[in-house]
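Every read-out reported here was derived from the displayed coordinates using simple, explicitly stated rules and does not represent laboratory data. A quick note: this is a predicted structure, and the numbers were derived from the prediction, not measured. Ideal geometry is used to build each Cβ from the backbone, glycine not excepted, and the neighbour counts take in all protein chains shown.
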Amino acid sequence: MADQYADNGDSKRPTEIPALRWEEPPEGPVLVLLDQTRLPAEEVELVCTDAPALVEAIRSLAVRGAPLLGVAGAYGVALAAVRGYDVDEAAAALESARPTAVNLAVGVRRAHAAYRAVIADGGDPRQAAGAALAAARRLHREDAEASARMAGHGLALLDELLPAGGHRVLTHCNTGSLVSGGEGTAFAVALAAHRAGRLRRLWVDETRPLLQGARLTAYEAARSGMAYTLLTDSAAGSLFAAGEVDAVLVGADRIAADGSVANKVGSYPLAVLARYHHVPFIVVAPVTTVDPATPDGASIEVEQRPGHEVTEVTAPQVPVAGTEAGGGIPVAPLGTQAYNPAFDVTPPELVTAIVTEEGVVSPVTADALAALCARSRQV
Ligand code: MRU
């Protein structure tokens, strides 16, 4: 079945897509974001000069994906510090911009702690701002390194689980270089398989309602020259039934201490399908996504997003300021209520393995995750 699909990758385009960068023009430092709400139609940059602008970019999903939210949050603290704004206020606003991806809080707290440590030692705000920026740069670098290591561990796991090779991998949402300082999480594993000549096809869920799969993963897959095919989320069941999926690879926004995985809404149904069809369901995430302070899946706060994202189709998905609705084309009768959780939670018993930069956890248990976190703290 897969072979009937023409390869639609464009291998001539560069695979590196810097999702954000710090710049220091004469007017003062800025954080430059690739506005992901405008992709794939336009590659437009968004320049943030202060934390409120970054908070808005996070809420509108101009910058998104768990690891990148952490990096952006850290730079946001540095931006406030370097420009002389209230750093405590900026950190609080950034940390609460979106609730589910724990990486955001981790990134903000790291840069904030670096800033406060210098002040506590009697340093001046300029030195403290330098420390916050150094912390953000370090996190950015570490995230790129973690990507590369996750890709290596993930490919080894795929090869072990699927010795016949020719992997046909289904993925959901967007987990490549648009969400990372490196090549991402789940997508980085698929990319490693592609480079090793072992990826037969990447099945890309469109990922309703904001279409991160169609708009962003297909964009990244095309740039990487991968053989990929886009499907509606609801077509996944028939794809499994046809025997066309060898493994599911997804990222995570928060992994609770018991191994419950919050990820883009639609991940949990894939885990159920995967179990029914005896297909491995693999989660790829850096250790910073594991949150020992969240005991279980029920304790994870799932972000609820505006109903207009479901009742309207908009491209780009930028809400029109000052209106209740999003300014898109209505696809439901006016006044229709929508249920729009941004994430769902997959229980640990449905997760075959969690791949991190520190290694693979399988089976997924609270003890194994606690050991992983302890190991990573020692490094
Ligand atoms: O709402 P988004 O687009 O920020 O959601 C992103 C996801 O759910 C990703 O799958 C997750 O952050 C993992 S990315 C490495």
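Based on the alpha-carbon gyration tensor of the stretch 201-353, what equivalent-ellipsoid semi-axes (square roots of 5 times the eigenvalues) come out, in whole Å, largest first?
27, 21, 15
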- Please compute the net charge surrounding Thr352, taking Lys and Arg as +1 and Asp and Glu as -1 over other residues with Cβ under 13 Å from its Cβ. -2
- Per residue, how big is the convex hull around the C-alpha atoms of the stretch 188-234? Give it to me in cubic angstrom, could you? 63 Å³
- When Rg is the radius of gyration of the Cα atoms in the stretch 256-306 and Rh is its Kirkwood radius, what does Rg/Rh come to? 0.99
- Query: Roughly how many Å is it from the Cα centre of the stretch 206-236 to that of the stretch 38-59, as a whole number?
  - Reply: 22 Å
- Query: Once the convex hull of the C-alpha atoms of the stretch 127-172 is built, how many Å³ does it hold per residue, rounded to a whole number?
  - Reply: 76 Å³
- Message: Whole angstrom only: what separates the Cα centroid of the stretch 68-99 from the Cα centroid of the stretch 250-310?
- Response: 25 Å
- Comparing Ser260, Ser238, Ser224 in a Gaussian network model of the chain (Cα, 10 Å), the one with the largest mean-square fluctuation is Ser238
- Thinking of the chain as a set of Cα atoms, what percent of all their pairs are more than 40 Å apart? 11 percent
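If you place +1 on the Cβ of every Lys and Arg, -1 on the Cβ of every Asp and Glu, and leave all else neutral, what size is the dipole of the chain about its Cα centre, to the nearest 20 Debye? Show your work: numbers first, answer last.
Numbers: 30 positive and 45 negative charges, 116 e Å.
The calculated dipole for the chain is roughly 560 debye.
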- Query: Hey, what number do you get for the chain at 222 nm if only DSSP H runs of n ≥ 4 count, each worth -39500 (n - 2.57), divided across all residues, to the nearest 500?
  - Reply: -11500 deg cm²/dmol
- Of the DSSP H helices in the chain, the ones reaching 20 Å or more along their long axis in Cα terms and averaging at least 1.6 in Kyte-Doolittle hydropathy are 66-82
- Per residue of the stretch 172-185, in order, report the coupling 6.51 cos²θ - 1.76 cosθ + 1.60 (Karplus, θ = phi - 60°) as ³J(HN,Hα) in whole Hz, putting x for Gly and Pro. 10, 6, 9, 9, x, 5, 6, 10, 7, x, x, 9, x, 10
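Net charge near Thr49, counting Lys/Arg +1 and Asp/Glu -1 over other residues with Cβ under 10 Å of its Cβ?
Details: positive: Arg83; negative: Glu27, Asp50.
Net of charged neighbours comes to -1.
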